[in-house]
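Enquirer: Below is the structure I would like to discuss, written out as structure tokens.
The values are calculated or read from the model by the stated rules, or taken from the named source; none is laboratory data. Nothing here was measured: the structure is a model prediction, and the numbers come from that model. Please note: Cβ atoms are built from the backbone with ideal geometry, for glycine as well, and neighbour counts cover all protein chains shown. Ligands, DNA and RNA are excluded from the accessible area calculation, which covers all protein heavy atoms including side chains. Shrake-Rupley method; radii C 1.70, N 1.55, O 1.52, S 1.80 Å.
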Amino acid sequence: MNNYPHPIIAREGWPFLAGIVVISAVATAYAGFAWAIPLWILSLFVLQFFRDPARVIAGGDNSKTVVAPADGRIVAVERVQDPYLNREALKVSVFMNVFNVHSNRSPVDGDVQRKWYNPGAFVNAALDKASVENERCALHIRTKTGQDVTCVQVAGLVARRILNYVDSGKALVRGERYGFIRFGSRVDVYLPLDARVKAVIGEKVYASTTVLAELA
């Protein structure tokens, strides 16, 4: 089980949740509950968006396991050119809508070799071109057995803020929380060509709990 220092509600959401609850309470006090109902509904939306439950980490002691880095739906499983490591790779993409948990977690055990940040557009993250056109932040992670995995946070149509808390040299464990994307987004994972991908397009996945692939 992965335990976080901010149980249930992600710390990234505390200011937003506090703000909307205060506004809702003030509106209720001055205008009455009936007039404040839309604000309370918005408060519930913010609450569900920033939920951040602890998760069971799939794979046990198997260091070859690649887990989902985010909650959402698989929108791509394809052989492509990894634009960060300049290699052919297998790309698995997870699209997060506004109702998914938006914490991002490491897909593998390994050390961060490099980090890239690219400003960009905010097209619909469900579209494949979002991988190369949208704002994004990528990590090159090398596993203990020397396998290279690239994990890329991609902003979406509504998402306007990518949060990434790690840098080169950081050792990550599978399922460890390393970032957050606010309001609808996507995470791309680039794997070696000899990885055995288990995810399929359209599948609903859960961060840390769903196995995406097995490394050779």
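Enquirer: Out of Val101, Val80, I need the residue that is at pLDDT 90 or above and β-branched (Val, Ile, Thr). Which one?
Expert: Among Val101, Val80, only Val80 is at pLDDT 90 or above and β-branched (Val, Ile, Thr).
Enquirer: Report the residue count in the stretch 28-51 for those that are closer than 30 Å to Ile181 by Cα and over 23 Å from the mean Cα position of the chain (by Cα).
Expert: 6
Enquirer: Also, I was wondering about something else. List every residue pair whose Cβ atoms sit under 8 Å apart, with the two residues 6 or more apart in sequence or on different chains, where the first one lies in the stretch 160-173 and is closer than 16 Å to Asp109 by Cα and the second, anywhere, is part of a loop (DSSP other than H, G, I, E, B) and aliphatic (A, V, I, L, M).
Expert: Leu172/Val108; Leu172/Val166
Enquirer: Ok, one more. Pairs only if they're at least six apart or on different chains, beta carbon under 8 angstrom, first in the stretch 100-112 and within 17 Å of Tyr190 (Cβ to Cβ), second of a type in the set (Ser, Thr, Tyr) and not in a loop (DSSP other than H, G, I, E, B); list them, first residue then second.
Expert: Hits for this filter: Asn104/Tyr178; Arg105/Tyr178; Ser106/Tyr178; Val108/Thr65.
Enquirer: To continue, here is another question. Which of the strands (runs of 3 or more DSSP E) found entirely inside the stretch 1-114 contain at least 1 residues meeting this: open to solvent by 20 Å² or more (accessible area, probe 1.4 Å)?
Expert: Strands (runs of 3 or more DSSP E) meeting the threshold: 72-82, 87-96.
Enquirer: Output the residues belonging to the stretch 179-216 that are farther than 16 Å from Thr150 by Cα, among the charged types (D, E, K, R) and surrounded by 20 or more Cβ atoms within 10 Å (Cβ to Cβ).
Expert: Result: Arg182, single match.
Enquirer: Exactly one condition in (1) open to solvent by 10 Å² or more (accessible area, probe 1.4 Å); (2) touching a Gly at 6+ places or on another chain (Cβ under 7 Å) is false for Val173; which is it?
Expert: Val173 satisfies all of (1) open to solvent by 10 Å² or more (accessible area, probe 1.4 Å); (2) touching a Gly at 6+ places or on another chain (Cβ under 7 Å) except (2).
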